[in-house]
Structures are given as C-alpha cells and as structure tokens.
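Colleague: Questions regarding the structure given below will be posed in turn.
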Amino acid sequence: MTGDVPKDWLRAGATLCLAVVVAGCAARPPIRKVVVETPSAWTSPMGEGVSPQSAKLDTWWTHFHDAQLTYFVERALNANLDIRIALARVREARGQAGVEASTQRPNLSAAASTQRLRGGLPQGIGRVTNLPGISSETGIFQLGFDASWELDFFGGARLMHLATREDARAAEEAMHGVQLMTAAEVARLYIELCGARQKLALVRQQLQIQGEILELTRTRFQAGLTSQLDVTRAAAQWEELRAAVPPLEAAIRDSLYRLSVLVGTPPGTLTDTPSLPLPLSPPEIPVGLPSDLLQRRPDIRQAEAELAAALARLGAARTDRFPKFALTAGIGRQATSVAGLTLGAGNFFAAGPTVRLPILTGGRIRNQIAVRDAQTEQAALRYEQTVLRAFEEVERALVSYLREGERRRALAAATEEQRESARLAEVRYASGLEDFTTVLEARRGQLSSALDQIESETQQLRQAVALYKALGGGW
C-alpha cells in the first residue's frame, strides 16, 4: 500500500515528522524570577488584642460577636452589586479561556452554496467548455464539509490557553478582593453607625439632665438664691447640647443610606433602630507571619496570576518565529442541479498538510515580543509593589490598633474621674462651697470625656476591621 501513496504526501509527512522532532516537548512559559524580601516577623511589638499565631480568618466578622453585624455582612456578600459585577467578570474570563482552548482542537464545518453562471462552466462540471461566440448559463450547487486542525508543535496555542486560564484565576482573586473590601466596608459603616447612636443617646441623656438643671437654676433665681448669670450659663450649655444632636442624626442617616446600597437595596430601605451597643472587641487577632500574606491576600494572588499570564503570552509571542503546521481536509459534492447532489462523479475530496513560515514581517514579530516582554516586566514590578504595600498595610493597621487600645483604656479611666469630679462639684455647689460655673465646667468635661471614650472605642473597632482587611480576611 505504500507504493500507492503519492510522493507529495510522503514528503509532507516527512516534513511534519521533522517538525515534531524540532519542537520536542510541549512549550513552557519563560521564567522570570521575582525576588521580594519577606521579613521574618512584624516590626511592631505584639500587645493586648493581637496574637503572633497564624489562624484561618474565615468569617472574621463573627469575631465581633454582633448578630446584626453578621447579618449585614452576609447579606452584602450575597446581594452586593460590585460583587455580582466581579462574578460576571469571572464568568467572562472563564468563557474566554474556553474560547482559547477550542483553537487546539480540530474544527469541522458544513457549507452549502449555489451559483448561477453565465458564459461557461467551472472546471469539472460536465463536458461543456467556453467557446467563442457560444453563451451558456447554468446553475452550480455545492454541498460539503471542511475540516482543519492546527498542530501546535511549538506550544503557542497551549501558552495562550494558559494565559487565559491565569486571567480567569486573576478575575477570581479580584472578586475575592471585592468581597473582602465589601465585608470590611459594611463592618466599618456598622461600627460607625453604632458609635453615632451611642453618642446621640449620651447627648440626649445629658440634654435632659441639663434641661432639669436649667429649670432648677431658674427656680433658684426666682427665689433669689442665684444670679441671672447662672441662668444664662445653664441655658447656653443646654443650647450647645441641643446643637450637637442634628450632626449625629445626619451621621446615622448617612451610614444607613450607605449600608443600604452595600447590601443591594435602595437608600432608605434600612430604618433606624434603637441605640445598640458597640460590637465587642475581638479577643485576639491572629496576625501570623509576614509570609502568610503571600497566600492569604487576594490582591497578591491576583498579581501573581497576572504575572503568570504575562509570562505565558511572552512565550506565545516567541513561538510566532517558528513555522505553523496544519492539517486540512474537505469533502463534498458539486452538481448542476439539486437532484444531482447524489453519489457520483461530482463527488470531491481534498486533504493535506499546510506549512506557514514567517519570512518578511516588517519587524512585527520582533516588536510584538518586545511588547510582551515589557508587559511581563510591568506585571513583575506590580507583584513586587503589591507585596510591599501589603506588608505596609499590616504594619500600619497593627500599630494603629494597638495604640488606639492604649488610648481607649486611658480615656475610660479619665471618664470615670470626670464623672466623679462632676458629682463632687454638684455636692460642693449644693453646700455653697463652689459656684455654678464649676458645676457647668465639670459637666462639660464629663460629657466631653465620655464622647471621646465612645469615639476611641469606635476607632479601635475600625482599626480592628482595617487589620483584618490588611491580613487578607477569609480569602
């Protein structure tokens, strides 16, 4: 049977075998070493509220032991529009990877055509030929199948498929980053909402007490036991407290509107509720080692995937310098009528290899390799920058969280002292040992210290959220 095979086919087969030998094994993406110095430990000393141990941070928001906060975060993770957009991008990237994978498989298509020819017949249709002075008109009907398969000897298609798979992985990590940011933003807004509610409740309580003091001062003035100046000062402090209410109410409404959008509902859907206490501080935040961030933070994993995709595209661009091999085949039937599309002399079949070798491209391939090489360098630098910024964020969040804890404890002690000072001032004023100004100043100091304590508690909880976010959360 070998003697029946055309010599051209034998030569083509020998060419393909030679290409296989030259190509060797499957192509691999180029290797670009990225060195990022990873510290062995955090520079900030561990303190109360943090632990050097490593631990999983899945559902880190539950560490605050607040059911309402957990509800808001989980609702946002299911309904937030930014997350749904990111999920659609993941589906897009996966679809693109599937499109690229299809280029490595054989393609088969069916085609049917009809033509009306005047002045002659195509070669191979009947025995009629174009003769001078003779006009002929006929219809040509064709039905067949075409097949093609590009043989990826040098791995260009495989590398492009690898690049699109890494793009899909980068899209998934970007979605995880959006989830982390959404959970952190919901937690931050909820903490600010609780802090504003507590401040408002405290101001309203002090406003009621100051109103009673104002009425008592007026009564004492009418009885001749105090002066008009004391009444004026008491009224001024009452007005100051009343002026502090609208900004706090506005802050509460603002937090509610922003929370509504984050959980995927129109602003105003969430309604204000009675004052809730601030969430409890986490017992201990496990910060682990700096090297843990390389596997835990979504933005680092995204940058790593983008670098891998860039390397794969660089390798694919380099394969453009080599020949492209493909197998093509076609089978079908031609006839001058629909009834003639049956088995017979009109059947045709064609098959054989094709080879394309770039010779003159005007520098296109060389410049395309230079473009991919520059893109790879950018991706490597972005990866290094992302890692360094991750270390910076954790260090800053860790310092802020620990220092705010110290400030909160000092303010708690100061609030107790201010409360005792106000009580003593009132006792001494009732005994005639202090003037009314001392009482007002003591009450003003008590309120200021209490508001500062609430703000510090709110700030430390915000810093805890920032630290969880910097550590990579549960992704």
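Colleague: Go through (1) in contact (Cβ under 8 Å) with a residue 40 or more places away in the chain; (2) part of a loop (DSSP other than H, G, I, E, B); (3) among the hydrophobic types (A, V, I, L, M, F, W, C); (4) surrounded by 13 or more Cβ atoms within 10 Å (Cβ to Cβ) one by one and return the number of the condition residue 270 breaks.
Modeller: For residue 270, the failing item is (1).
Colleague: Further, regarding this structure: I need the full set of residues from region 169-202 which are within 30 Å of residue 238 (Cβ to Cβ), open to solvent by 30 Å² or more (accessible area, probe 1.4 Å) and not hydrophobic (A, V, I, L, M, F, W, C), in order please.
Modeller: 192, 198, 199
Colleague: Only one residue in 462, 419, 408 is part of a helix (DSSP H, G or I) and surrounded by fewer than 18 Cβ atoms within 10 Å (Cβ to Cβ), so which one is that?
Modeller: The unique qualifying residue is 419.
Colleague: Sort through 164, 129 and tell me the only one that's modelled with pLDDT of 85 or more and on the phi < 0 side of the Ramachandran plot. Full working, then the answer.
Modeller: Values: 129 fails: modelled with pLDDT of 85 or more.
Result of the check over 164, 129: 164.
Colleague: Would you mind telling me which numbered condition in (1) closer than 30 Å to residue 44 by Cα; (2) modelled with pLDDT of 90 or more residue 250 fails?
Modeller: Of the numbered conditions (1) closer than 30 Å to residue 44 by Cα; (2) modelled with pLDDT of 90 or more, the odd one out for residue 250 is (1).
Colleague: Could you say which residue among 374, 329, 370, 380 is in contact with a Lys or Arg (Cβ under 9 Å, 6 or more places away or on another chain), modelled with pLDDT of 85 or more and open to solvent by less than 60 Å² (accessible area, probe 1.4 Å)?
Modeller: 380
Colleague: Answer yes or no: is there a residue in region 332-339 that is open to solvent by less than 50 Å² (accessible area, probe 1.4 Å), under 27 Å from the mean Cα position of the chain (by Cα) and over 30 Å from residue 472 (Cα atoms).
Modeller: Checked against the condition, which is being open to solvent by less than 50 Å² (accessible area, probe 1.4 Å), under 27 Å from the mean Cα position of the chain (by Cα) and over 30 Å from residue 472 (Cα atoms), region 332-339 yields no hits at all.
Colleague: I'd like the full set of residues that are among the basic types (Lys, Arg) and modelled with pLDDT under 90, limited to region 410-465. If you could, list the steps in order and put the result at the bottom.
Modeller: Of all residues in region 410-465, those among the basic types (Lys, Arg) come to 419, 423, 428, 443-444, 462.
Listed by number, the residues that qualify are 419, 423, 428, 443, 444.
Colleague: Further question: Listed residues 421, 431; which is over 30 Å from residue 282 (Cβ atoms), among the polar types (S, T, N, Q) and without any contact (Cβ under 8 Å) to a residue 12 or more places away in the chain?
Modeller: Exactly one of 421, 431 is over 30 Å from residue 282 (Cβ atoms), among the polar types (S, T, N, Q) and without any contact (Cβ under 8 Å) to a residue 12 or more places away in the chain, namely 431.
Colleague: A further question on this structure: Taking the condition modelled with pLDDT of 50 or more and open to solvent by less than 80 Å² (accessible area, probe 1.4 Å), does residue 59 pass?
Modeller: Criteria met by residue 59.
Colleague: Where residues in region 214-228 are in a helix (DSSP H, G or I) and in contact (Cβ under 8 Å) with a residue 24 or more places away in the chain, which of them is surrounded by the fewest Cβ atoms within 10 Å (Cβ to Cβ)?
Modeller: In this case the residue turns out to be 214.
Colleague: Regarding region 203-211, can at least one residue be identified that is within 22 Å of residue 456 (Cβ to Cβ), open to solvent by 70 Å² or more (accessible area, probe 1.4 Å) and not polar (S, T, N, Q)?
Modeller: Yes, there is a match, as at least one residue in region 203-211 is within 22 Å of residue 456 (Cβ to Cβ), open to solvent by 70 Å² or more (accessible area, probe 1.4 Å) and not polar (S, T, N, Q).
Colleague: Another question, if that's okay. Hey, can you tell me all the residues within region 314-326 that are touching a Leu at 6+ places or on another chain (Cβ under 8 Å), in a helix (DSSP H, G or I) and either exposed (fewer than 15 other Cβ atoms within 10 Å of the Cβ) or not hydroxyl-bearing (Ser, Thr, Tyr) (or both)?
Modeller: 315, 316
Colleague: Can you find, within region 291-307, the residue that is nearest to residue 176 (Cα to Cα) among those that are surrounded by fewer than 19 Cβ atoms within 10 Å (Cβ to Cβ) and in contact (Cβ under 8 Å) with a residue 24 or more places away in the chain?
Modeller: The selected residue is 294.
Colleague: Another question, then. What residue, of 456, 400, 449, is part of a helix (DSSP H, G or I), of a type in the set (Gly, Ala, Ser) and open to solvent by 30 Å² or more (accessible area, probe 1.4 Å)?
Modeller: It is 400.
Colleague: Given the criteria surrounded by 17 or more Cβ atoms within 10 Å (Cβ to Cβ) and modelled with pLDDT under 90, does residue 362 qualify?
Modeller: Spelling it out, it is not the case that residue 362 is surrounded by 17 or more Cβ atoms within 10 Å (Cβ to Cβ) and modelled with pLDDT under 90.
Colleague: Given the condition under 30 Å from residue 398 (Cα atoms) and among the aliphatic types (A, V, I, L, M), answer yes or no: does some residue in region 292-299 qualify?
Modeller: yes
The values are calculated or read from the model by the stated rules, or taken from the named source; none is laboratory data. Treat the numbers as computed from the prediction; the structure is a model and nothing was measured. Because the Cβ atoms are built from the backbone with ideal geometry, glycine has one as well, and the counts that use them run over all protein chains shown. Heads up: the accessible areas ignore ligands, DNA and RNA and are worked out on the full protein's heavy atoms, side chains in. Shrake-Rupley method; radii C 1.70, N 1.55, O 1.52, S 1.80 Å.
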